[in-house]
Amino acid sequence: MANHSQFGFQDASSPIMEELVEFHDHALMVALAICSLVLYLLALMLMEKLSSNTVDAQEIELIWTILPAIVLIMLALPSLQILYMMDEINEPDLTLKAIGHQWYWTYEYTDFKDLTFDSYMIPTTDLPPGHFRLLEVDHRVVIPMESPIRVIVTANDVLHAWAVPALGVKTDAIPGRLNQTSFITTRPGVFYGQCSEICGANHSYMPIVVESTPLIHFEHWSSLMSS
């Protein structure tokens with residue numbers, strides 16, 4: 001959960017989000033090195049006169065041609081690795097179907113016979129003490145921790161997007177189309193997200209809450225919900 005004075009990302013709660021945060025820091029270090037070099041050269045040009053040999057030097061032209069290519073490779077390789085990791089879905093332990101509506105979510109646990117529910121935002125007037133305004137829902141998505149989860153995302157009316165920042169997940173919900181994503185939670189907790197596609201007047205009032213619990217607690221919850 002983000003706080004009011006936070007400048008960075010939320011604490012990563014999945015391996016994919018950990019990789020995304022690491023790549024973000026890597027890209028920032030590359031950008032910092034480029035900015036430092038450019039500022040140094042600007043200061044050098046202002047303070048000293050460049051000779052004709054320096055201006056016409058083939059060695060310098062070779063360096064400023066090869067160096068950007070090396071920088072692009074340093075950014076492209078880890079980026080492609082993360083893209084392939086995000087697309088990889090290997091034998092999920094649980095499949096969850098998320099259907100976007102105006103303006104709430106419907107969840108179907110396809111591995112269970114009758115486990116389907118709608119998830120609405122709790123109005124501010126009905127919000128219990130200690131819960132987050134505009135983020136809490138009446139029915140949370142409960143999943144087992146440290147288990148591969150596949151999420152199939154679609155919509156029933158207009159474009160939506162199922163996004164949970166702490167898990168590194170954001171998938172568009174398109175009517176008539178099934179998109180899928182996957183994640184693994186590395187710790188128990190409650191993770192908040194929101195629809196990340198402008199879907200109408202109440203776009204900001206259809207939050208997403210994912211609760212990660214140990215497997216024994218998930219089995220108990222699923223038995224109660226199915227009965």
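The values are calculated or read from the model by the stated rules, or taken from the named source; none is laboratory data. All values reported here derive from a predicted model rather than from experimental measurement. Note that we place each Cβ from the backbone using ideal geometry, even for glycine, and neighbour counts take in every protein chain shown. All accessible areas refer to the heavy atoms of the entire protein, side chains included, with ligands and DNA or RNA removed. Shrake-Rupley method; radii C 1.70, N 1.55, O 1.52, S 1.80 Å.
Of note:
- The smallest convex shape that holds all Cα atoms of the range 43-158, its convex hull, gives 271 Å³ per residue.
- ³J(HN,Hα) computed for each position of the range 93-108 - Karplus, 6.51 cos²θ - 1.76 cosθ + 1.60, integer Hz, glycine/proline x: 6, 8, 10, 10, 10, 10, 10, x, 10, 8, 10, 7, 10, 10, 10, 10
- Accessible carbon and sulfur surface of the range 94-226 relative to its total accessible area, %, 1.4 Å: 54 percent
- Accessible surface, per residue, of the chain when the full set of protein chains is kept, probe 1.4 Å, Å²: 62 Å²
- Of LEU32, LEU42, LEU77, the one that fluctuates the most in a GNM where the chain has Cα springs shorter than 10 Å: LEU42
- Taking 7 Å steps out from each Cα toward its Cβ at LYS170 and HIS4 produces label points 2.5 nm apart.
- Only helices reaching 20 angstrom along their own axis (Cα) with mean Kyte-Doolittle hydropathy no lower than 0.0 count here, and for the DSSP H runs of the chain these are 15-47, 58-87.
- Max mean-square fluctuation residue, GNM over the chain, Cα-Cα springs under 10 Å, options ILE82, ILE149, ILE216: ILE216
- Rounded to 5, the percent of DSSP beta bridges in the chain classed as antiparallel: 70 percent
- Taking GluC sites (Glu not before Pro) as exposed when DSSP calls them loop and at most 11 other C-beta atoms lie within 10 angstrom, the chain has its longest site-free stretch at 89-227.
- Annotation: extensible slack from GLN58 through PHE112 equals 12.6 nm (criterion: 0.36 nm per residue apart, minus Cα-Cα distance).
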